[in-house]
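The values are calculated or read from the model by the stated rules, or taken from the named source; none is laboratory data. Quantities reported herein were computed from a predicted structural model and do not represent experimental measurements. Backbone-built Cβ (ideal geometry, glycine too); neighbour counts: all protein chains shown.
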């Protein structure tokens, strides 16, 4: 009797508006990537190869935000061809740094930057993939952590839930014995409201966290803002801190908007 070889799960990696950093995190897996290739078939990954295999795909990894009408249509095509869809990185999960446009007038930008703005086809907002289609899992980071990415793919292959932390960067500092930069040095830090995943990289070099992994589960952003004010930081710097890589993540967006309102009242 002939032995029927079981087909490998088919994986696709898609790019929307982004810098490619999260796709590079997958390529940077190096030795782990070689082992991974023995377990899966890479059906679509233009960052790595022009060779493509037709879908449907068992797992799609999506990098980047939706910023154009074309991409708003394309993401639905990706979703239809994907049994499971995981968004990777701040752009895909929160609109990315390009979501700073969401707080301003996009038409004003295009009229200043481009000689012929009538040829620019763009949306007024940069939005997360989950604002357009069903997403099975969001993997945060700017860029993502390759260890977390391998955990997600490994969990998919094993049919289990991935172990991705939802606690704050502060716990990472505690675990590795890093002295709190806010307590010891009075350095403003977003660590108390930011999801873990970077191994507290910036605090380990005596710098405050910049919020690369977005808001943790149930963050108390208002309390952190109060603490920053006690350290001498004004609303302007607070708004800038919350409006970086994850500016349109719900918790960070609401806090920055509340700070804007408060600043307007103070100005009166």
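Test residue 125 against the stated conditions and say whether it is under 25 Å from residue 252 (Cα atoms), modelled with pLDDT of 95 or more and exposed (fewer than 12 other Cβ atoms within 10 Å of the Cβ). Spelling it out, it is not the case that residue 125 is under 25 Å from residue 252 (Cα atoms), modelled with pLDDT of 95 or more and exposed (fewer than 12 other Cβ atoms within 10 Å of the Cβ).
A single member of 166, 111 is in a loop (DSSP other than H, G, I, E, B) and exposed (fewer than 14 other Cβ atoms within 10 Å of the Cβ), and it is 166.
Applying the condition of being out of contact with any helix residue (DSSP H, G or I) (no Cβ under 9 Å at 6 or more places or on another chain) and in a helix (DSSP H, G or I) to the range 80-108 and asking which residue is farthest from residue 136 (Cα to Cα) yields 108. Contact list please: Cβ distance under 6 Å, first residue in the range 184-212 and over 21 Å from residue 148 (Cβ atoms), second residue buried (at least 24 other Cβ atoms within 10 Å of the Cβ), pairs at least six apart or on different chains. Listed pairs, sorted by first residue: 189/209; 208/189.
Of all the listed residues (211, 177, 232), the sole one being assigned to a loop (DSSP other than H, G, I, E, B), out of contact with any helix residue (DSSP H, G or I) (no Cβ under 6 Å at 6 or more places or on another chain), outside the structural domain of residue 140 (by TED's automatic domain parsing) and surrounded by 17 or more Cβ atoms within 10 Å (Cβ to Cβ) is 211. Evaluate the following for residue 98: is it under 16 Å from residue 21 (Cβ atoms), assigned by TED's automatic domain parsing to the domain that holds residue 120 and surrounded by fewer than 24 Cβ atoms within 10 Å (Cβ to Cβ)? Considered against the rule, which asks whether it is under 16 Å from residue 21 (Cβ atoms), assigned by TED's automatic domain parsing to the domain that holds residue 120 and surrounded by fewer than 24 Cβ atoms within 10 Å (Cβ to Cβ), residue 98 comes out as yes. Evaluation of residue 201 against the conditions (1) outside the structural domain of residue 85 (by TED's automatic domain parsing); (2) crowded, with 17+ Cβ neighbours inside 10 Å; (3) under 28 Å from residue 23 (Cβ atoms) shows that the sole unmet condition is (2). Farther than 30 Å from residue 36 by Cβ and either surrounded by fewer than 17 Cβ atoms within 10 Å (Cβ to Cβ) or without any contact (Cβ under 8 Å) to a residue 24 or more places away in the chain (or both): does that describe residue 224? Criteria not met by residue 224.
Among the residues of this structure, residue 53 counts as one that is outside the structural domain of residue 244 (by TED's automatic domain parsing), in a loop (DSSP other than H, G, I, E, B) and in contact with a strand residue (DSSP E or B) (Cβ under 7 Å, 6 or more places away or on another chain).
Residues of the range 140-150 being farther than 7 Å from residue 89 by Cβ and surrounded by 19 or more Cβ atoms within 10 Å (Cβ to Cβ), which ones?
If the condition is that a residue be farther than 7 Å from residue 89 by Cβ and surrounded by 19 or more Cβ atoms within 10 Å (Cβ to Cβ), then 140, 145, 146, 148, 149 are the ones that fit.
Does the range 148-159 contain any residue that is at positive phi and either assigned to a loop (DSSP other than H, G, I, E, B) or touching a helix residue (DSSP H, G or I) at 6+ places or on another chain (Cβ under 7 Å) (or both)? Yes, the conditions are met somewhere in the range 148-159. Of the residues 47, 30, the single one that is closer than 18 Å to residue 153 by Cβ and without any contact (Cβ under 8 Å) to a residue 12 or more places away in the chain is 30. Taken over the range 25-46, the residue count meeting the criterion of being under 30 Å from residue 99 (Cβ atoms) and exposed (fewer than 14 other Cβ atoms within 10 Å of the Cβ) is 2. Please tell me if residue 73 is at pLDDT 95 or above, in a helix (DSSP H, G or I), in the same structural domain as residue 28 (by TED's automatic domain parsing) and more than 18 Å from the chain's Cα centre (by Cα). In short, yes. Of all the residues in the range 243-255, those that are without any contact (Cβ under 8 Å) to a residue 40 or more places away in the chain and crowded, with 22+ Cβ neighbours inside 10 Å number 1. Evaluated against (1) outside any loop (DSSP other than H, G, I, E, B); (2) touching a strand residue (DSSP E or B) at 6+ places or on another chain (Cβ under 7 Å), residue 225 falls short on exactly one condition, (2).
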